[in-house]
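Student: For reference, the structure I am asking about is given below.
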Amino acid sequence: MKTKNFYLYTIIPYRLGITLLLVVGLCSCGFLTTPSLKASNLSIGSNVTPIREIKPETDKQATVYIQGKVEKQVPLVQQWAYQINDSTGKIWVVTNQPNLKEGEQVVIKGQVRFQSIPLAGQEFGEVYIEEK
């Protein structure tokens, strides 16, 4: 009788508590976000903007998410520039991240910028993204 009471009042609540803790822990992992915006850490969502839809807006600085493959990289003074291709187009991203590799899939959040380059009466400006 003592063994049955011990099992009933000690082992069963202990197992239920551990099971509940594991279930709550696993469910809460879905709500975590990571500071890195690599594609392996985020799922594609409705907030990812296709590159072809990014337009130069000199008066408004929209924040967008883009997802694509790193094609080129250029070191700058204390920053890096990466050309990202998402099959709808290509765009340059200026960031502080030095560790993105060519061929790597990434998701980047940044502000749309436009650099005007007037030359001989024509505009050769470029749209790019500055990561935030």
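Taken together, the values in this text are just the output of simple stated rules run on the coordinates, not laboratory data. Keep in mind it's a predicted model, so treat the numbers as computed, not measured. Note that we place each Cβ from the backbone using ideal geometry, even for glycine, and neighbour counts take in every protein chain shown.
Student: Work out, step by step, the length gained on full extension between Val127 and Thr63: first 0.36 nm times the residue separation, then minus their alpha carbon distance; give nm to one decimal.
Tutor: Separation in residues times 0.36 nm, less the Cα-Cα distance, equals 21.7 nm.
Student: Follow-up question, since we're still on this one. What distance in nm separates the two pseudo spin-label positions at Glu71 and Glu53, each 7 Å out from Cα along the beta-carbon direction?
Tutor: Placing both labels 7 Å along Cα→Cβ, they lie 2.0 nm apart.
Student: Here's a follow-up. Mind checking which aspartates and glutamates have their Cα closer than 12 Å to the Cα of Lys55? Skip sequence neighbours fewer than 8 apart in that chain.
Tutor: Glu126
Student: Okay, next question. Need one number: nm distance between label points at Leu119 and Asn99, each 7 Å from Cα along Cα→Cβ, rounded to one decimal.
Tutor: Distance between label points: 3.7 nm.
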